[in-house]
Amino acid sequence: MTVAYVTPSFTTSIDLTSRAQQVERETVAQSVFPAPDPKVPVATPGSLGLRAREAFDRSGWPSLMPVQARAISHLVLGKDLIVQSRTGSGKTGAFLLPLFDQMNARQVVTQALILTPTRELAIQIHDEFQRINPLPGELRAGLVYGGVGYSRQITALSRGTHIVVGTPGRILDLLQQKHFNLTGLKVLILDEADEMLSMGFYPAMLAIKAHLPPVRQSCMFSATMPPKVRLLGREFLHDACFMSLSKDGISVDTIDHRYYRANSMDRERALVRLLEVENPDSAIIFANTRNDVAFLSEFLQNYGFNVGMISGQLPQRDREAAMRRLHNGTIRILVATDVAARGIDISELSHVFQYGVPVEDEAYVHRTGRTARAGRAGVAITLVTLDDEQRLTAIARRYGIEMEKRTLPDKEEAATRVAQRMLVVLEEKMRVKTKLERERLQRFVPMVESWAREEPELMAMLVDELYHAHMEESTEQDLPEQSPPMQKHGQSSPPRSGRQKRRRRKRR
């Protein structure tokens with residue numbers, strides 16, 4: 001069973017965050033995406049199709065994991081499905097097993113496309129496919145990701161692949177270069193959808209949408225379900241059901257409470273690593289004192305972040321002005337004392353960071369309550385010292401908060417995440433270059449190769465400046481909204497929004 005899509009063309013540009021907020025105001029996720037039919041029985045190894053059962057036997061798994069048992073039973077019916085499930089829950093098997101019964105090995109065209117946010121995840125999925133493939137040598141998968149040369153990937157696609165796994169940017173490049181096409185596509189999988197948006201792949205994903213056939217089955221997996229992810233579901237899925245496998249079974253109206261232990265002498269750099277890994281759409285960093293607020297604000301600005309600050313010593317109008325800047329995307333991060341948690345409505349935050357455990361237990365609830373408002377998802381992150389950890393866990397017990405302790409990401413992990421995002425930015429810029437512009441930049445290739453060998457700091461300086469300039473503008477991305485017709489050559493552009501006009505004046 002498949003479902004018919006009407007895929008609209010588009011040119012009108014909007015900010016993704018604003019669009020997601022509009023979606024959120026219209027309705028919460030449960031009413032946009034109904035729950036799956038409870039009468040559908042969960043899958044078991046014995047209920048799997050012939051090839052899926054053989055793949056399961058090859059896997060060595062003792063049984064189907066919960067996400068697999070619940071999702072497969074709906075996927076085999078041809079339903080579009082959104083699944084909220086944490087990383088490591090077994091979701092790769094949930095979408096791979098049904099694919100084996102859906103693929104026609106004798107028809108060597110791309111029948112399934114699996115989009116992932118990183119090359120590491122793409123490789124992991126591809127390796128798992130190869131490991132459990134019940135038709136080795138007959139059913140082939142191609143692996144496509146950016147940051148490496150094209151030739152090997154083009155060669156693999158030219159031989160014919162039934163399934164393509166990869167990152168959106170490189171997949172879009174190869175589609176546009178006509179090295180493969182999606183006219184025979186049956187299944188689209190969006191894996192780790194929240195991470196793909198965090199990486200900046202939304203424009204590439206919407207461009208890929210124009211290559212998708214109007215009839216297909218689509219499935220989206222995401223560890224979190226913020227407004228942007230639900231918007232993505234509305235863009236790519238049709239009559240989808242929403243299945244949550246979070247611990248409490250609740251889809252979106254919860255806060256993910258985490259804490260990390262950090263050295264008291266190095267907390268500001270620990271905070272930077274968390275900001276770079278999390279890449280929040282909008283965040284407040286709470287500090288206990290005005291001196292900490294002033295210090296953090298200056299430190300983060302010097303590190304390249306565009307931040308604002310508020311504390312009790314600022315007049316009310318200045319506080320409100322800072323809040324407006326956060327709300328309209330002029331800044332993404334606000335450093336504040338507890339004054340911001342009381343009496344001021346901050347309803348559209350993705351993250352709350354705490355530079356330390358609050359002095360009063362009740363302040364924790366006020367601070368973290370700034371996120372996950374009106375059915376939204378939110379993340380609350382606290383940095384603790386060894387002495388503070390026991391008091392934070394006591395606060396969690398007092399208020400019945402499920403608190404997760406995590407290991408602080410190291411410098412290499414943060415650097416990898418930043419490098420991955422920068423690769424997306426650079427590939428996006430290259431993708432829109434004209435043939436003449438590509439010819440022009442060739443004159444700098446020998447110089448860049450020389451710098452990379454002998455003075456890499458020069459290249460690093462340029463990339464760092466480009467990265468932070470991009471991050472300042474990232475909340476103002478111009479992204480397509482659904483459904484206006486394609487603009488034809490010679491037609492005037494659609495009216496610009498107030499924000500676009502302000503940005504244009506600023507560039508002048």
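The values are calculated or read from the model by the stated rules, or taken from the named source; none is laboratory data. Predicted model, so just to flag it, every value in this text is computed and none were measured. Reconstructed Cβ throughout: ideal geometry from the backbone, glycine too, with neighbour counts over all protein chains shown. Each accessible area value is taken on the protein alone, full model and side chains, heavy atoms only, with ligands, DNA and RNA left out. Shrake-Rupley method; radii C 1.70, N 1.55, O 1.52, S 1.80 Å.
Key figures for this structure:
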read-out: Helices (runs of 4 or more DSSP H) contained entirely in region 82-164, each with at least 1 residues that are within 21 Å of residue 200 (Cα to Cα); value: 119-132
read-out: Every pair of residues 6+ apart whose Cβ atoms lie under 9 Å, when the first sits in region 324-338 and is closer than 17 Å to residue 358 by Cα while the second is among the acidic types (Asp, Glu); value: 335/292; 337/292; 338/360
read-out: Matching residues, region 72-88, being more than 14 Å from residue 242 (Cα to Cα) and more than 20 Å from the chain's Cα centre (by Cα); value: 76, 77, 78
read-out: Options 195, 138; residue that is among the charged types (D, E, K, R) and closer than 20 Å to residue 428 by Cβ; value: 195
read-out: Of the criteria (1) open to solvent by 30 Å² or more (accessible area, probe 1.4 Å); (2) within 18 Å of residue 216 (Cβ to Cβ); (3) modelled with pLDDT under 95; (4) not β-branched (Val, Ile, Thr), which one residue 39 fails; value: (2)
read-out: Answer from 167, 224 - the residue that is of a type outside the set (A, V, I, L, M) and open to solvent by 20 Å² or more (accessible area, probe 1.4 Å); value: 224
read-out: Count of region 332-373 residues which are more than 25 Å from residue 470 (Cα to Cα), hydrophobic (A, V, I, L, M, F, W, C), out of contact with any Lys or Arg (no Cβ under 7 Å at 6 or more places or on another chain) and modelled with pLDDT of 85 or more; value: 3
read-out: Residues (surrounded by 14 or more Cβ atoms within 10 Å (Cβ to Cβ) and within 15 Å of residue 50 (Cα to Cα)) located in region 98-108; value: 98, 99, 100, 101, 102, 103, 105
read-out: Conditions (1) of a type in the set (D, E, K, R); (2) under 29 Å from the mean Cα position of the chain (by Cα); (3) farther than 22 Å from residue 241 by Cα: number failed by residue 91; value: (3)
read-out: Some residue of region 193-215 being in contact (Cβ under 8 Å) with a residue 12 or more places away in the chain, part of a loop (DSSP other than H, G, I, E, B) and of a type in the set (Val, Ile, Thr); value: no
read-out: Residue within region 275-282 that is under 22 Å from residue 389 (Cα atoms), assigned to a helix (DSSP H, G or I), touching a strand residue (DSSP E or B) at 6+ places or on another chain (Cβ under 8 Å) and open to solvent by less than 50 Å² (accessible area, probe 1.4 Å) present; value: yes
read-out: Matching option when the condition is of a type in the set (S, T, N, Q), closer than 27 Å to residue 223 by Cα and buried (at least 20 other Cβ atoms within 10 Å of the Cβ), among 111, 124; value: 111
read-out: Condition broken by residue 314, with the remaining ones in (1) over 26 Å from the mean Cα position of the chain (by Cα); (2) modelled with pLDDT of 85 or more satisfied; value: (2)
read-out: Criterion (at pLDDT 95 or above and either open to solvent by 70 Å² or more (accessible area, probe 1.4 Å) or under 30 Å from residue 117 (Cα atoms) (or both)) met by exactly one of 382, 434; value: 382
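Residue-by-condition table, conditions (1) in contact with a Cys (Cβ under 8 Å, 6 or more places away or on another chain); (2) open to solvent by less than 10 Å² (accessible area, probe 1.4 Å); (3) at pLDDT 95 or above; (4) not small (Gly, Ala, Ser):
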| residue | (1), (2), (3), (4) |
| --- | --- |
| 139 | no, yes, yes, yes |
| 147 | no, no, no, no |
| 158 | no, no, no, no |
| 172 | no, yes, yes, yes |
| 182 | no, yes, yes, yes |
| 186 | no, no, yes, yes |
| 195 | no, no, no, yes |
